[in-house]
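The structure appears right after this line, and notes come after that.
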């Protein structure tokens, strides 16, 4: 971890003690748990009883909820409302070509401390396949609304999104602005943006390197028709793909298991799904919407060596959202939620504590 990263992590902890009292004492305990999780808990093994939430177009979404007993430490993360308290639920939204398992370190850290919800976005993981016409950000925003309605019928919500998951949160705010500051009491935006993406950067890790350079929207559309053949090429080019993931998903050397885990998630996503969503990244332009997040505590997190959604995107988000916090993880890449999970979790501690501390009517 770079010096800057250590300083930022220490500062976050110091600010949290001043702002959140006993809640951060519990959060400090969970950070110790999160550090052990990578060594002691196999990737993809954290599970809870699955449930299905049906999206408004009929697509079944795979959802898992980690409950917290009423008398546990999770009670510290409560938001006061009209003379009573309600536990805060944190809904985690994963990125493009990943699945809910990408939140491994966060899930290990918050179990038995905070009520949390994880789900596979449409066409990803164990969720149902979307028709191509509905593989877009607006639909992802509506899917997130459906998950919140089904899993948190009462009480406040903090939404945390990584990469495309952050874009899903922006889409939620665009379509349901009344939720921000009412139902949604905190926002975490990790390795994400509200526009200005170079789609080629996103596409590169998904295919063998020798195929990626000449791709354009027309090429992707053409290859989509032969997606099964492309998937076979991806499998044949596995070694090349693993090297690409190591270089593009992470900013520095990480344990080999991290790279293999991300590779497994990417490989499990068919090229047809990749191509369905791909055209929408270039047209994303929603920076005019994000000022709405100034109503609630908002944390923005990004690695300084993120090659997919660069640190400039995070800084722009921070500049547009009054009162937001920006954590720059020195030397980390796009998968900062794994690479710097201790710093990420420390910042999420502050976000959840801040969201729980502000009373509402």
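Descriptive notes on the structure:
- Gain on full stretching of the segment that runs from residue 268 to residue 175 - 0.36 nm per residue minus C-alpha separation: 30.4 nm
- Sequence ranges 295-304, 51-60, 153-162, 176-185, ranked by mean other-Cβ count within 10 angstrom, highest first: 295-304, 153-162, 176-185, 51-60
- Overall form of the stretch 257-336 per C-alpha gyration tensor (a/c, 1.5; a/b vs b/c): oblate
- One chain, two ends: residue 182 and residue 132. Fully extended at 0.36 nm per residue, the span grows by 14.7 nm beyond their Cα-Cα distance.
Here, each number is a calculation from the coordinates, and none is a lab measurement. These numbers were taken from a predicted model, which means no experiment stands behind them. In this analysis, Cβ positions are derived from the backbone assuming ideal geometry, glycine residues included, and neighbour counts consider all displayed protein chains.
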